[in-house]
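Here the structure comes first, spelled out in structure tokens, and everything after it is commentary.
The values are calculated or read from the model by the stated rules, or taken from the named source; none is laboratory data. This structure is a prediction, so every number in the text was calculated from the model and none was measured. Cβ atoms come from the backbone with ideal geometry, glycine included; neighbour counts cover every protein chain shown.
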Amino acid sequence: MNKIKPSKYSEAGVDIDKGNAFIEEIRDIVSSTHQRGVLGGLGGFSSHFAIDTNKYKKPVIVTSTDGVGTKLAVAHLCNKHDTIGIDLVAMCVNDLVVGGATPLCFLDYFAVGKLDLDIAKQIITGIAEGCKQANCSLVGGETAEMPGLYQGEDYDLAGFVTGIVDRDAIIDGSDIRAGDKIIGLASSGLHSNGYSLVRKICFADNKLDVNQYIEELGAKLGEILLKPTKIYVQSVLKVLKNYPLNGMVHNTGGGFIDNIPRILPKGYKAVLDTATWPTPPIFSFLQRLGEIPWDEMYRTFNMGIGLLVIVDEAKVNDIRHHFEAVGEEAYIIGEIAPMDEGETATVEILR
């Protein structure tokens, strides 16, 4: 019997057969996320999603893409890869829903030096879980094996989401007025931003270990750092069915200082009172350990608030209670005010 020789491509580091086996391994995981509208299955050259034309009178397609950044390095240190996919979905769908859009379908790009089926399946399982939390269909993706570009078990992830909103229901901040109140929805922790600084403080400067129990945090360091990003999609969409929301902000890279101005009309500022919400211990831990100025903390991290919702003052309590009824920790954390003459800062943080 002739022995089957390995292909020249596999000798170069790319195993096509393993890639095909991976697709078969995750087929059921992917299909478990499919909602009404998905046409066809996994493995085609593209994916198709049918729009419900009875539901949307003036449909506008909305898209967003994002990654997880160097939180991936923490997943490697913890040898835990089953939640990083939730982060990937969260970063994309939260960006989408703040504009009033409903996520429809999600695709991922997974690049690796050498495909490890176990790690890859953990990642896709996390992505599928994130899609279920967002009620969004995982319809496909790309797995790229690139030896020489990625070393060892290094990998990178990118996510792409497509959603839909009626043109008249787009939330772009144009309805924001002075006197509007700001509701903050609690984060689950660091989410997926600031990890280059986190890693420098914890591992480079202070030689901490991910398996080290930190009394101040009440858990192992790795457990706290790997907490997945909270997905706000279903909560926001439920509230939107009953109340108008004038503006929303996904509090990601750049924190309060850089994200809030993206939604404010000209001539307005946001005034936030940090005493109105509890700050999770991880933030004070990092601030003390890294001797980070507080101004920088509020520009780098979410500080315990993952999503900001700007609403009419008359409706603020009803809307806050509704968010609490659907499982969110919601706080009235500030208000919108007119900028004074000569004032340039569009975000004022009271401490």
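State which residue pairs qualify: first residue in contact (Cβ under 8 Å) with a residue 40 or more places away in the chain and inside region 95-122, second residue part of a loop (DSSP other than H, G, I, E, B) and buried (at least 22 other Cβ atoms within 10 Å of the Cβ) in any location, beta carbons under 6 Å apart, and separation of 6 or more residues or different chains.
What qualifies is Gly99/Ile171; Gly100/Ile171; Pro103/Cys136; Phe106/Cys136; Gln122/His81.
Quick check on my filter: what residues within region 307-347 are of a type in the set (D, E, K, R) and either under 17 Å from Arg177 (Cβ atoms) or part of a loop (DSSP other than H, G, I, E, B) (or both)?
Those that are of a type in the set (D, E, K, R) and either under 17 Å from Arg177 (Cβ atoms) or part of a loop (DSSP other than H, G, I, E, B) (or both): Asp312, Glu313, Lys315, Glu328, Glu329, Glu335, Asp340, Glu341, Glu343.
Are any residues in region 224-241 assigned to a helix (DSSP H, G or I) and either β-branched (Val, Ile, Thr) or free of Cβ contacts under 8 Å to residues at least 24 places away in the same chain (or both), and if so, which ones?
Ile224, Val233, Val236, Val239
Kindly evaluate Leu289 against the criterion of being modelled with pLDDT of 95 or more, within 21 Å of the chain's Cα centre (by Cα) and not assigned by TED's automatic domain parsing to the domain that holds Cys131.
no
Got a number for residues in region 165-200 being surrounded by 20 or more Cβ atoms within 10 Å (Cβ to Cβ) and more than 12 Å from Asn246 (Cβ to Cβ)?
Within region 165-200, residues that are surrounded by 20 or more Cβ atoms within 10 Å (Cβ to Cβ) and more than 12 Å from Asn246 (Cβ to Cβ) number 11.
In region 224-253, how many are modelled with pLDDT of 95 or more and either of a type in the set (Gly, Ala, Ser) or more than 18 Å from the chain's Cα centre (by Cα) (or both)?
Residues that pass the stated criteria total 11.
Given the structure, is Gln151 in the same structural domain as Ala101 (by TED's automatic domain parsing) and exposed (fewer than 15 other Cβ atoms within 10 Å of the Cβ)?
In short, yes.
Yes/no per residue for (1) of a type in the set (Val, Ile, Thr); (2) under 20 Å from the mean Cα position of the chain (by Cα); (3) at pLDDT 95 or above:
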| residue | (1), (2), (3) |
| --- | --- |
| Ser31 | no, no, no |
| Gln35 | no, no, no |
| Phe45 | no, no, no |
| Phe49 | no, no, no |
| Lys55 | no, no, no |
| Val68 | yes, yes, yes |
| Ile86 | yes, yes, yes |
| Ala90 | no, yes, yes |
| Gly99 | no, yes, yes |
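Within 16 Å of the chain's Cα centre (by Cα) and closer than 23 Å to Ile61 by Cα: does that describe Gly173?
Against the criterion (within 16 Å of the chain's Cα centre (by Cα) and closer than 23 Å to Ile61 by Cα), Gly173 does not qualify.
I need the full set of residues from region 96-118 which are surrounded by fewer than 20 Cβ atoms within 10 Å (Cβ to Cβ) and assigned to a helix (DSSP H, G or I), in order please.
Listed by number, the residues that qualify are Leu117, Asp118.
If Leu190 meets every condition in (1) part of a loop (DSSP other than H, G, I, E, B); (2) touching a residue at least 40 places away in the same chain (Cβ under 8 Å); (3) more than 15 Å from the chain's Cα centre (by Cα) apart from one, which number is that one?
If we test Leu190 against (1) part of a loop (DSSP other than H, G, I, E, B); (2) touching a residue at least 40 places away in the same chain (Cβ under 8 Å); (3) more than 15 Å from the chain's Cα centre (by Cα), just (3) comes out false.
In the set Pro244, Pro261, Pro278, which member is farther than 25 Å from Val165 by Cβ and either in a strand (DSSP E or B) or not polar (S, T, N, Q) (or both)?
The match here is Pro278.
For the structure I just gave you, tell me whether Ser196 is in a helix (DSSP H, G or I) and either touching a Phe, Trp or Tyr at 6+ places or on another chain (Cβ under 7 Å) or not assigned by TED's automatic domain parsing to the domain that holds Glu296 (or both).
So Ser196 does not fit the description; no.
Looking at region 138-163, which of its residues are among the charged types (D, E, K, R) and part of a loop (DSSP other than H, G, I, E, B)?
Selection gives Glu153, Asp154.
Among (1) assigned to a loop (DSSP other than H, G, I, E, B); (2) under 30 Å from His322 (Cα atoms), there is one condition Asp209 misses while meeting the rest; what is its number?
Going through the list (1) assigned to a loop (DSSP other than H, G, I, E, B); (2) under 30 Å from His322 (Cα atoms), Asp209 breaks only (2).
Only one of Val161, Val210 is closer than 29 Å to Lys241 by Cα, touching a residue at least 24 places away in the same chain (Cβ under 8 Å) and either surrounded by 19 or more Cβ atoms within 10 Å (Cβ to Cβ) or aliphatic (A, V, I, L, M) (or both). Can you tell me which?
Just a single option satisfies the conditions, and that option is Val161.
Do the conditions hold for Lys266, that is, is it part of a loop (DSSP other than H, G, I, E, B), more than 23 Å from the chain's Cα centre (by Cα) and on the phi < 0 side of the Ramachandran plot?
Taking the combined requirement at face value, the residue satisfies it.
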